[in-house]
Amino acid sequence: MESPDAAVPPAASFRLAVLGVGHMGEALVRGVVGAGVVPAGAVTIADRRPEPVAALVADLGVRAAPDVEALAAAADVLVVAVKPQDVRAALGGLRGALGPDRVLLSIAAGTTIATLAAAVGDDVPIVRAMPNTPCLVGAGASAFALGPAAGPDHADLARRVLGSVGVVHEVAEDLIDAVTALSGSGPAYVFHLMAAMAQAGAALGLPAAVAADLALHTVLGSAKLALASDVDAATLRNRVMSPGGTTEAAIRAFDAGGFTELVETAMTAARDRGRELGAGVGATRDDEPEAPK
């Protein structure tokens, strides 16, 4: 039996194919081409909707495949970026078309490595990943897990693809649902907080547009400050507070309302929903890989 890294293409010369060019699929295509990870001529895409395919071909110079079989033939790394409930149908014709010399990188939420292997074969190196919507602006936070047939070189390929649109971490597969709860769904938590801050600012008398802009740039500036700092978020929070001051009053109000516990409860609910999706329970037509519900 071949080792997991047998026949892995050199990272500098691999061919990338993307099945599904919705928001996240398009973000990955633009990311790898824009960062020079893969030249446009080595990227092939397919989607059941012709419009986004034609737009990317015209804009970037990538290639279009007429069907999933042709797409697989043009790939060293095949990214599956379709809705979770469409994965089995999308991969149905690929059993035998892939093998140990190809890599299947899935970003379909809730779709386990075992499910993917059942569709394409146990000998295919599989990487299961969870990116998030800030990948659309090159500021994503992604994590991935390796299947049994995948090894360190396959992990390197995944890092190169996902790293073109943000930061990347490797985790065990049983932690992917926790990643979904934190960074996958996390942008919605931040937007929820921003909306609440803007609403509260307006309630305190600020013009709505001013309150929204202040909330937006407060979140942006805080994230930039945290990235530039060598201390954790809790320390940065404490640096903003002074004893008996306005910030301390606000944080005490948050704590009195159980803010930290509420965040944990919310993330646990998101993780549990991810597990349900992985088990095939309650999946809906709205479960998008780029915006976990």
Per the charge dipole of the range 186-278 (beta-carbon charges, Lys/Arg positive, Asp/Glu negative, Cα centre), the residue among His217, Gly205, Tyr189 reaching farthest to the positive end is His217
Name the residues of the range 160-193 whose amide N is less than 14 Å from a point 7 angstrom out from the Cα of Leu206 along the C-beta direction?
-> 193
Taking every C-alpha to C-alpha distance in the range 16-176 and binning by 10 Å from 0, the per-bin percentages run 12, 46, 37, 5
Please give the FRET efficiency for Arg49 paired with Ala279, using the beta carbon to beta carbon distance and R0 = 30 Å, rounded to the nearest 0.05.
-> 0.55
Where the centre of each part is set by its Cα atoms, how far does the range 32-85 sit from the range 97-146, in angstrom?
-> 16 Å
Length gain on complete extension for the stretch Asp67 to Lys224, per 0.36 nm per residue less the alpha carbon to alpha carbon distance?
-> 52.2 nm
Point-charge dipole on Cβ atoms (K/R +1, D/E -1) for the range 77-223, about Cα centre, debye to 20 = 300 debye
Test item: Cα-centred dipole of the range 186-278, Lys/Arg +1 and Asp/Glu -1 on Cβ, debye | 100 debye
Estimated inter-spin distance, Ala40 and Asp59, nm [label 7 Å along Cα→Cβ] | 1.2 nm
So which residue, out of Gly140, Gly61, Gly31, gets the largest mean-square fluctuation from a GNM of the chain using Cα contacts under 10 Å as springs?
-> Gly61
If each of Asp272 and Ala234 carries a label point 7 Å out from its Cα toward its Cβ, how far apart are those two points in nm?
-> 2.6 nm
The size of the Cβ-based charge dipole (Lys, Arg +1; Asp, Glu -1) of the chain about the Cα centre, to the nearest 20 debye, is 520 debye
Write down the Å³ per residue value for the convex hull defined by the alpha carbon atoms of the range 186-278.
-> 132 Å³
What is the Cα radius of gyration of the range 130-249 over 2.2 N^0.38 Å, N being its residue count?
-> 1.35
For the His23, Ala172 Cβ pair and Förster radius 22 Å, calculated FRET efficiency rounded to 0.05 is 0.20
Neighbours of Val29 by Cβ distance under 12 Å: Lys/Arg at +1, Asp/Glu at -1, summed charge -1
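Read the figures in this text as sums done on the coordinates, not as results from a lab. Computed from a predicted model, the values in this text were never measured in an experiment. Every residue, glycine among them, receives a Cβ derived from its backbone with ideal geometry; neighbour counts consider all protein chains shown.
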